[in-house]
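Only one structure is covered here, and it is reproduced in the block below.
Every read-out reported here was derived from the displayed coordinates using simple, explicitly stated rules and does not represent laboratory data. The shown structure was predicted, so the numbers you read here are calculated from the model rather than taken from an experiment. Glycine gets a Cβ as well: all are built from the backbone with ideal geometry, and neighbour counts include every protein chain shown.
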Amino acid sequence: MRDWSYQALPLPEELFEQTVRALGASGFLGANVTIPHKHAALELADHASVPARAIGAANTLTFGADGTIEAHNTDAPGLIDALGRLTGMPAHPSALVLGAGGSARAAVWALRDAGAASVSIWNRSPERARELAQDLGADAVTKPPAADLLVNCTSVGLQRSATEAEALNQLEMTADHVGRYAYVIDLVYGDGPTPLLAAAQAHGAVTVGGLEVLVAQGALSFEHWTGRTAPRDAMRRGAGIEDATG
């Protein structure tokens, strides 16, 4: 059985393409890509999956033996996997996505593709929300409206030094406002629940944390690279997930 290893490669934007094109010849099977490189990853690929092209961003690259690069987006199916952990959610929920970056693009596309009744987008920069909504056929909003499902694709909550009130204020919400959402997914992860998830759980919402989405994304990337079924239960245990649903 082949041994695999996974390592972090911090890259400045000006070295991204040059470095990525050298990885295949250096023995790498593939790479995960995060902000701010997801659009660049799609653009340098020789081939791209239909979802990656539709979303306009790639977070998974696979290096072929012939030197070609294939781009995929596992953010979208990773979110859909997380939705399956939200017990009791309507088959076609109304949804609000917070953010307008690469992860938000994947979330909006995934929700629309899965048949959400409606998808709204809120972002601190209204122009970016409108641009994303126009690209993917969603609705841009200037204030977070009520919905069945709330998906946080912003970085709010990453800095745990902020109080719950301070973090929610950055999303133009209060703890009571969060109570308008019965189901909440937060892509931010770390030690313990984020301020958004803590507020949602206090109101009895069903929640899923970012580690669940991260594991689902990673499992799909592993399968692209190796052709093997990912050991998802072992991956969840390795990530310290026992029962992330609330």
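Here are a few things to note about the model shown:
- Sorting D46, D75 by the number of Cβ atoms found within 10 Å of their own Cβ, with the fewest placed first, yields D46, D75.
- R0 of 30 Å, Cβ-Cβ distance A8-D135: FRET efficiency to nearest 0.05: 0.45
- C-alpha center-to-center spacing [region 145-196, region 23-38] in angstrom: 30
- Calculated FRET efficiency for the pair Q170/R128, C-beta based, R₀ 25 Å, to 0.05: 0.95
- Dipole of the chain, positive end: most advanced residue of A117, A219, T74 [Cβ charges, Cα centre]: A117
- The angle between the Cα long axis of helix 102-113 and the longest principal axis of the Cα atoms of the chain comes to about 70 degrees, rounded to the nearest 10.
- Extended-chain gain in nm, criterion 0.36 nm per residue less alpha-carbon gap, R228 and E17: 73.2 nm
- Exposed chymotrypsin sites (Phe, Trp or Tyr not before Pro) absent: longest stretch of the chain, with sites in DSSP loops and at most 12 other Cβ within 10 Å deemed exposed: 7-246
- In region 58-119, Cα pairs under 8 Å separated by at least six residues give a relative contact order of 30 percent.
- Segment Q201-L158, length gained on full extension (0.36 nm per residue, minus Cα span): 13.7 nm
- For I55, net neighbour charge (Lys/Arg +1, Asp/Glu -1) across residues whose Cβ lies under 12 Å away: +1
- Sum of side-chain charges, D135 neighbourhood, beta-carbon under 15 Å (Lys, Arg +1; Asp, Glu -1): +2
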